[in-house]
1. Write down the percent of antiparallel bridges among all DSSP beta bridges whose residues are both part of the chain, to the nearest 5.
2. Quickly estimate the mean residue ellipticity at 222 nm for the chain, helices only: each DSSP H run with n ≥ 4 gives -39500 (n - 2.57), and the total goes over all residues, rounded to 500.
3. Given R₀ = 35 Å, FRET efficiency for Cys11-Gln100 by Cβ-Cβ distance, to 0.05?
4. Filter the trypsin sites (Lys or Arg not before Pro) in the range 63-164 down to the DSSP loop ones having no more than 15 other Cβ atoms within 10 Å, then list what survives.
5. Take every Cα pair under 8 Å in the range 11-61 that's 6+ residues apart, average their separations, divide by the length, and report that relative contact order as a whole percent.
6. For the range 245-311, max minus min Cα coordinate along each principal axis, in Å, sorted largest first?
7. Taking R0 as 25 Å, what's the FRET efficiency between Lys238 and Arg177 from their Cβ-Cβ distance, rounded to 0.05?
8. Percent of alpha carbon pairs in the chain separated by more than 38 Å?
Amino acid sequence: MPDVLRTPDACFANLPDYPFAPHYAEIPDARFGSLRMHFVDEGPRDAPIALMLHGEPTWSFLYRKMIPLVAAAGYRAIAPDMIGFGRSDKPGARADYNYQGFVDQLKAFILGQDLRRMTLVCQDWGGPIGLRVLSELTDRFDAVLATNTLIPNFEPPPRGVAGWPGKQIEDWAALCRTSDDLPISEIVSGVGVDRLPDGVRAAYDAPFPDASYKAGTLQITCCIPIEETMPGIAENRKAWDVIEKFDRPFLTAFSDRDPSTKGWEAIFRDRVPGAKGQPHVEIENAGHFVQEERGEALGEVLLGLMDRMYR
């Protein structure tokens, strides 16, 4: 597959607090035949699943603080790397990435692994992708934990957030459109409360030895709809038609210092039946990537949700 890059395994040696064995799934692809998707899979294989979805520009390393907590509690933790991210294959051209493609790839992964009894854990673009999949495979999901995420619909309040996306996200999308490289670790560190340690920043850079590996990270922000005229809005509104009938537990745990998704927690709480009466929380002293800064706290929220369902 000359048009697909695969990060050398040596790049992932000695990552801090990430001892997990790699697992791989083959995802059908119209151009390449198939693409290899990496995922972490820890805990009993027959247990209820926490499906942990990362966003831009992170990978499953983001969930390293939560995965052991879930597995130790007797549940199964699955954290895939989207195509173009982490240890998954990385098509080298921006044209190989689009919103529908990310949705289709995640759906193929879930069906291929026959995953059921799932709690969806979604943050950043893991929400627009994961909630779309949930709307198509609803019976496979028992609950949702949403943190610092959204599903864009460009509907007026109270069905959407007034003024979204705002200058911060518009500037971020413009940067991705016009750049041919991204400082991955500096982006992750820069939207947090404190600067990340050197070893952690190196781990976020590990999947991308040079700029040629970053087509997915550059393009994902360009193809997730941040304008009403962009592809995906009609599909998102159709997904909302399903989500606003979802009566299983839907819990929000947004952080207190993330202006890019502020307001969307209220939309979920108001529109999703399963959000009614849930013990929604705000994670204090955390920026956008709450799993990185307060992973243990978010993990406890997740375990509380799963224990209420399964214990």
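1. 40
2. That calculation yields -10500 deg cm²/dmol at 222 nm.
3. That pair, Cys11 with Gln100, gives E of 0.75.
4. Arg116, Arg159
5. Computed over the range 11-61, the figure is 28 percent.
6. Largest to smallest, the principal-axis extents are 29, 27, 13 Å.
7. The pair Lys238/Arg177 has a calculated efficiency of 0.40.
8. The share of Cα pairs beyond 38 Å in the chain comes to 5 percent.
Rule-based calculations on the coordinates, nothing more; no lab input. Not measured: the values here are computed from a predicted model. Virtual Cβ from ideal backbone geometry, glycine too; neighbours counted across all protein chains shown.
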